[in-house]
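Inspection log for the structure reproduced underneath, given as structure tokens.
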Amino acid sequence: MLKQKAAELNSPAARVPAPVTPRIIPRSEHSISRSAISPNALRVLYRLRDGGFQAFLVGGCVRDLLLGIDPKDFDVATDALPEQVRKLFRNCRLVGRRFRLAHVFFGRETIEVATFRAATAPSQGEEPIPDADPEEGEAPELDEPLELEIAAADEAAREVDETGRILRDNVYGSIDADVWRRDFTANALYYNIADFSLWDYMGGAEDIAARTLRLIGDPETRYREDPVRMLRGARFEAKLGFRLDPGTAAPIGELRHLLAGVPSARLFDETLKLFLSGHGARSLEVLRQRGLLAALLPSVEAYLGSHPGSLVEKLLVAGLVNTDARALAGKPVTPTFLFALLLYGPIAQVIEATPPERWHELSTILDACDRAVREAQAHVAIPRRFALGVREMFSMQPRLEHPRGRRALKLLEHPRFRAAFDLLVLRAEHGLAPLAMAEWWARIQSVPPVEQAVLADSLAASSERREGARRGPRRRRRRSRPASSA
């Protein structure tokens, strides 16, 4: 059955979608102003236009401009081939072996320029991380003209596996074909720099106005081509406050298992986009509603499902809310802290399966961290540096809860101290750690070193008094009298 499905998707009829005529919306009928577009993106658009090429803003930046949101980045689509783009810009570098893209650099801002591609090629946001040229600034040597290379690739342009996932599709095309490789109608609008009009092939403008996410084409086929589209739908639902069109949402329950076939490195990237872009708390809610958290991080969903409304769930949500606030304020956020939050439940579950007297032992905590990370890595690649960071954050918790005199001050110099302290504060707010110790560590960070030493000595003295009170008064030993010489 699966082989038959793959054969159908690889057939010539499946490769060529029906032609669509765009609705062209003139400048007077839409709200996008050039004043809201990055000056560097405008430079790229104008130079391509002046070079005789078509040039459009495309994708999420157009959608966000219509919504009144400042786009995070600006993507350009053109009929110019990558080498032709490079000739127009000295500050340009070609990246990617599977899909050639042009990156035009303006200081810290990069404008990505993609040549129109044939239908169903993965969108820019869905492609693997592009590989840079071996030598920056050097054009690759081609045995034949690029046009001949493209023509040769056309013979085996599109291949899918037995589940319908696209394995190869790398042919350049026209804008009329390019629109079919977009995922949602809201991301398939083109802003034409030639006359400032919008080209709408799929009714995206109406869907944006209705705050609806609708897949282009048959939803089941599009999810099979690229299962990550299910996660992208959840991300846009969380980020934009849109709702999934019923037809777009319907196949998710049946097809979410296909995420198991997606490279784990790509799922790591999608996880960061879901949880570190300012809408992580809402992303968690949407993923659970759609049944996608079970496919992405099954151990996390299993814990939350078996402990509904638990303190750990409340800690996770509160941590994501704090992370969202930092991201929206432009402050740094880290994958290490994110995975410490997400894996808190699975780690706690392993620890609590041991005898209570071992819960605070370092070996128990480290073993629980390692087991929880391994289970997560079976689905989402967690780079070693982040996995080690999670171990350090959790292993520091007992020392933060029970600091010992001036030796505790050395923890302030630990590179993971701030993250571990933030975790301690979250735990204390939810009754999972002593609130007094969280307040003590907050205070000691706010005073000069001399006062830190005084606070540490005071804490050590009070700890000794408490320990003495717990043990009770010491019994005085009677001194034995020397034996009589008589």
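No lab work stands behind these numbers, since they all come straight from the coordinates. Every value quoted in this text rests on a predicted model; they were computed, and no experiment measured them. As a convention, Cβ positions derive from the backbone with ideal geometry for all residues, glycine included, and neighbour counts pool all protein chains shown.
Among 31, 395, rank each residue by its count of other Cβ atoms within 10 Å, from fewest to most, as a rough exposure measure.
Lowest to highest Cβ neighbour count: 31, 395.
Taking amide hydrogens as placed 1.01 Å from N in the peptide plane, the amide H of residue 55 sits under 5 Å from those of 193, 194, each at least 5 positions away in sequence or on another chain. The protection proxy used here, the mean number of other Cβ atoms lying within 10 Å of each residue, ranks peptides 409-421, 62-74, 436-448 as follows, highest first: 62-74, 409-421, 436-448. One way to sum up the overall shape of the stretch 171-259 is the equivalent ellipsoid from its Cα gyration tensor, whose semi-axes run 24, 16, 10 Å, largest first. Measuring against 26 Å, Cα to Cα, the residue pairs 273/331; 72/314; 87/273; 239/314 contain 72/314; 87/273 as the ones spanning a longer distance.
May I ask for the net charge around residue 184, where only other residues with Cβ less than 10 Å from the Cβ of residue 184 are counted and Lys, Arg are +1 while Asp, Glu are -1? Don't skip to the end; give the middle numbers.
Working: positive: 63, 182, 214, 222, 229, 232; negative: 183, 207, 245.
Charge balance near residue 184 sits at +3.
Using the Cβ of residue 399 as centre and a radius below 12 Å, the other residues enclosed give a net charge of +2, where K and R count +1 and D and E count -1.
Each Lys or Arg adds one and each Asp or Glu takes one away; over the other residues whose Cβ falls under 15 Å from the Cβ of residue 21, this sums to -2.
By counting other Cβ atoms within 10 Å of each Cβ, how are 375, 112, 451, 225 ranked from fewest to most? Don't jump to the answer; show the numbers that get you there.
On the way: 375 17, 112 20, 451 12, 225 25.
Least to most surrounded, the residues fall as 451, 375, 112, 225.
Under a 5 Å amide H cut-off, with hydrogens placed 1.01 Å from N, residue 197 pairs with 192 among residues at least 5 apart or on other chains.
By the gyration tensor of its Cα atoms, with a ≥ b ≥ c the square roots of the eigenvalues, what is the shape of the stretch 272-427: rounded for a/c under 1.5, prolate for a/b over b/c, or oblate? Judged from the Cα gyration tensor, the stretch 272-427 comes out oblate (a/c at least 1.5, b/c at or above a/b). Computed from backbone phi with θ = phi - 60° and the Karplus coefficients 6.51, -1.76 and 1.60, the 3J(HN,Hα) list for the stretch 214-230 is 9, 5, 7, x, 6, x, 4, 5, 5, 5, 5, 4, 8, x, 5, 4, 5 Hz; x is used for glycine and proline. The string of couplings for the stretch 239-247 from the Karplus curve (6.51, -1.76, 1.60, θ = phi - 60°) is 6, 9, x, 7, 10, 6, 4, x, x Hz, one whole number per residue in order, with x for Gly and Pro. Of 21, 221, 336, 271, the sequence from fewest to most neighbouring Cβ atoms within 10 angstrom is 21, 221, 336, 271.
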